[in-house]
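Some notes on the structure that comes next.
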Amino acid sequence: MSDTSAFPPPPDVAGASLSGTEPYVITAEENAALCRSTGVEPDADGQAHPIYYYIATQVGMGVTVAGMCEICEFDIEEGPMMGQSSVTFERPLMTGQPYVVTGQILDLTRKPSRAFGVMDLLNYELRLSLPDGTPVVASRNSWALPRRELAKQETAK
Amino acid sequence: MNIGDILPPFRIASVDPEAMKTWAVALHDPNAIHLDRAAVAAKGLGDRVINQGPANLAYIINMLRAAFPGGAIRSLDVRYVDNVFEGDDVSAGGTVTAIEGGQATCDVWLRAVERDLVIKGMAVVTLAEAPGDGDQRA
């Protein structure tokens, strides 16, 4: 399969808001449990594990992961896969600090896939800021959404 | 720290399925492939539960934080290449590729002993200030 012209275009979801409605707070207890689950002790000065850039944005965004998949007309049971993740930290993440989550879907692109026949590549960005607007984290993630059903339909033609 | 230096590895000798329960709660992610071997088998993905991707990245972060005491991760850019399963022996590592403006740029990775590369990418770490330069932790 060399192109996706035989398939319908993906839904136009660019710009869909992922902004949260309530600030996200990293609790000291959860941070401690999470740090220990990865083989390290939590920082004594209240710094949260930097991986909370991903956790806080995912949990604090305005939709669930299943909801984000629904926006893309994709059933989460089909198994979305993490592709890439990037983040820039403006300051350390701290336990007990409320963070405002904002973000949006950047694009959804249909692509040929050796593994699945066809897949959609979802790009979205999420940010954490202090309640006064001070930026803390900017992240961008890419997920692969395998479209096995589309590939089966094309094969059956 | 110099260009070409190899960062001390961070190893998890056996990925613990109990830890995946902690991550499922933190991520609000009830996906059964992280919790139930039967669910993994039903999807044709093997017979061991699959570690959450961010947990794998956390091992790389642990490696960086240990390699640069007092420093701070400025940015990360990674690609997820493969899964990590319960019981896997994984090791995070890296090399310094540039040092400029008080920051070190590093190639980073996570490898599983049985299947090789799991994550690869790049990190920029703000280096700790030298003694006497101030007491602010970056």
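Being surrounded by fewer than 21 Cβ atoms within 10 Å (Cβ to Cβ), modelled with pLDDT of 95 or more, touching a strand residue (DSSP E or B) at 6+ places or on another chain (Cβ under 6 Å) and of a type in the set (Val, Ile, Thr) is a condition met by at least one residue of the range B:3-23. Residue count for the range A:66-97 satisfying the condition of being touching a residue at least 40 places away in the same chain (Cβ under 8 Å), not in a loop (DSSP other than H, G, I, E, B) and not hydroxyl-bearing (Ser, Thr, Tyr): 11.
For the range A:119-133, the condition of being polar (S, T, N, Q), buried (at least 19 other Cβ atoms within 10 Å of the Cβ) and either within 14 Å of chain B (Cβ to nearest Cβ) or touching a Pro at 6+ places or on another chain (Cβ under 7 Å) (or both) holds for none of the residues. In the range B:35-62, which residue that is among the hydrophobic types (A, V, I, L, M, F, W, C) and more than 10 Å from chain A (Cβ to nearest Cβ) is nearest to the chain's Cα centre (by Cα)? Of everything passing the filter in the range B:35-62, B:ILE50 is nearest to the chain's Cα centre (by Cα). Reported count of residues in the range A:103-140, each being hydrophobic (A, V, I, L, M, F, W, C), outside any strand (DSSP E or B) and at pLDDT below 95, is 2. Do we have any residue at all in the range A:39-52 that's surrounded by 14 or more Cβ atoms within 10 Å (Cβ to Cβ), touching a residue at least 40 places away in the same chain (Cβ under 8 Å), aromatic (Phe, Trp, Tyr) and in contact with a strand residue (DSSP E or B) (Cβ under 8 Å, 6 or more places away or on another chain)? The answer is no; no qualifying residue exists. When restricted to residues that are surrounded by fewer than 15 Cβ atoms within 10 Å (Cβ to Cβ) and touching a Leu at 6+ places or on another chain (Cβ under 7 Å), the range A:12-36 contains 1. When A:HIS49 is tested against the conditions (1) under 18 Å from A:TYR99 (Cα atoms); (2) more than 9 Å from every other protein chain (Cβ to nearest Cβ); (3) assigned to a loop (DSSP other than H, G, I, E, B), the lone failure is (2).
Scanning the range A:79-97 for residues that are more than 10 Å from chain B (Cβ to nearest Cβ) and in contact with a helix residue (DSSP H, G or I) (Cβ under 9 Å, 6 or more places away or on another chain) yields A:LEU93, A:THR95, A:GLY96.
If you check B:VAL81, B:VAL96 for being surrounded by fewer than 21 Cβ atoms within 10 Å (Cβ to Cβ), of a type in the set (A, V, I, L, M, F, W, C) and closer than 20 Å to A:SER139 by Cα, only one passes: B:VAL81. Residues considered: A:VAL63, A:VAL100. Of these, the only one that is more than 10 Å from chain B (Cβ to nearest Cβ) and not in a strand (DSSP E or B) is A:VAL63.
The values are calculated or read from the model by the stated rules, or taken from the named source; none is laboratory data. Model, not experiment: these values are computed from the prediction. Glycine also receives a Cβ, built like all others from the backbone with ideal geometry; neighbour counts cover every protein chain displayed.
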